[in-house]
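See below for the structure under consideration.
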Amino acid sequence: MSAEKRDDRTPQSPDAPWSPEYQRGEDNRTPEQALAMLDDVLRQNGVNPQTAIGPGGWRHIRTGVAHALAGVVEWQAEEYLLVVFSPLLEVPRDPPAEFLAWLLRLNHDSTRSARFSIQDNTLIIGISRPIRGLDPIEIAESIHEVLEIANLAERKLQRVLDGLSGNQLVDVRVLPSGKMTLAEAQAASTFFGTLDDHGQKVARTIIEYWAKRGHPVEFKPSGISLLMNVEGKSTGVASMMPAFGRVKQMVTFGWEGLRKEFEPGEAIDEFEKGIQAIAKPKIMETTAHIEIGPAFEEKDAARLALALHRLATSVRRIKHSLFAPDPNLPSIQAKLGPETRQGIQTTLQECPKYTQEIYARLIQEWSDNGGIVQCTRPGKIYLKMRAHRHASGEFADWPSKFNLAVLASPFKGKGPEITVAWRINTSSEKPRAKGTAIKAFKRAVSVLPGFTHHGRISTLEVNRAFDSGEAERFLEAMVSLKKAEDRAALK
């Protein structure tokens, strides 16, 4: 987010949250009013609120195989939420990591406003939102979304969980032909069990064509990856994902990543043209995907597999030359890996001259003070801070590094900017440094020119007003926080 000019509504204190009053108006509903509105919505949908009320005041709603509960809860003092949720299935105390990763992917783009969560070994799909500004349409849509996903999800999620836990029986009728290990057969059986008949035929056609031509296939209950061996190294070229909720079954491609890893470009151009001739793919920033619906027939699946095969047999890996410093950029003597060094150089080349000087100084001095610098992908340089692990308690096992500042090059009309960590004392990487040190850091950063704080995002616009002196003050704030954290770790 580029920095925006402040107006009278923008909170000036670095510790002040983005107040709901600035975004939602002055509609201060009480919990009783929100519950009355919820009951009106239930009546309009044929549910008697009096008979639907259970323990704790939760309204119980059933449709199909789904069972949802709706109510109003106090999230914190004087802050109330409408909550709609549906318990789906019991999960092990330590669910398989791949199952949890799949749920997170579904949360990103397959569940709309609803989200999966786990409480007391129960997998839940739910929605919560403040009652301020709540209206009947939002209540009805929240209930509909939870019930719709619950009706669609339970069987698929149970199959995937059983497959990952080794409890799913293999259904040989749905398996593609070819040799498989027992684990692969079990994963494939679980995946195919989440597809309808048409989806199974399409997936089977692609997999059989791919495997018969000697290409590797990676089977997982939550999806199947098509790999290509190029110069002795396997790379994923496409993945098949099952349908879920409103998201259709699809085949995804690492669209732009191909050009960064393989050549010649003409072969990749032909591959993209071939895909677009089969079905119009949806192009995202770095990926593309084709939705598998009734119009996508088995013959289209065969053409798709052929396009993938031609790509796999016509590309070679790009030979990256050794890093060569750009003499026109400021010199950075920090000890950095070749990938990070190349990423930093490419990022700086995209920046104006005055930004190059500031970014180079921040990188060098942050590294000199024991900070961590990473840039695995051009465009963003990460200045990381180590949050020392707590000896015990809820933060004992959290990761120990987080991004304290991210130096970004210009992108899509936005100028260079620095994104600054703000919710430090409530984040999963919670440092051991005292709150006074964190407040001092925020206070120092918030008075710098170009500072903007909106919600969870705080940025510094790196324009000509942000000179070397401002960069030095920003660096001092970062180093002071790091030293406070290091001192706290010794106690």
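The values are calculated or read from the model by the stated rules, or taken from the named source; none is laboratory data. Bear in mind that the values here come from a model prediction, so they are computed numbers and not experimental data. Ideal geometry is used to build each Cβ from the backbone, glycine not excepted, and the neighbour counts take in all protein chains shown.
Of all residues in the stretch 44-96, those that are under 18 Å from SER128 (Cα atoms) and charged (D, E, K, R) total 4. Is it the case that some residue within the stretch 37-57 is in a strand (DSSP E or B), at pLDDT 85 or above and either loosely packed, with under 15 Cβ neighbours inside 10 Å or not aliphatic (A, V, I, L, M) (or both)? No, there is no match, as no residue in the stretch 37-57 is in a strand (DSSP E or B), at pLDDT 85 or above and either loosely packed, with under 15 Cβ neighbours inside 10 Å or not aliphatic (A, V, I, L, M) (or both). Only a single item in (1) assigned to a helix (DSSP H, G or I); (2) at pLDDT 85 or above is not met by MET180, and it is number (1). Identify, please: which residue in the stretch 225-263 is assigned to a strand (DSSP E or B) and charged (D, E, K, R) and is, among those, surrounded by the most Cβ atoms within 10 Å (Cβ to Cβ)? So the residue we want is GLU263. Against the test of being buried (at least 19 other Cβ atoms within 10 Å of the Cβ) and in contact (Cβ under 8 Å) with a residue 24 or more places away in the chain, the options ARG132, ARG159, ARG93 yield a single qualifying residue, ARG159. The combined condition, being outside the structural domain of ARG310 (by TED's automatic domain parsing) and in contact (Cβ under 8 Å) with a residue 60 or more places away in the chain, is not fulfilled by ASP120. Considering the stretch 264-282, and only residues there that are within 28 Å of LYS319 (Cβ to Cβ) and in contact (Cβ under 8 Å) with a residue 24 or more places away in the chain, the residue that is surrounded by the fewest Cβ atoms within 10 Å (Cβ to Cβ) turns out to be PRO264.
Looking across THR436, THR419, one residue alone is at pLDDT below 95, exposed (fewer than 14 other Cβ atoms within 10 Å of the Cβ) and β-branched (Val, Ile, Thr). It is THR436. Looking only at residues in the stretch 58-88 that are among the small types (Gly, Ala, Ser) and without any contact (Cβ under 8 Å) to a residue 60 or more places away in the chain, the one that is surrounded by the most Cβ atoms within 10 Å (Cβ to Cβ) is GLY71.
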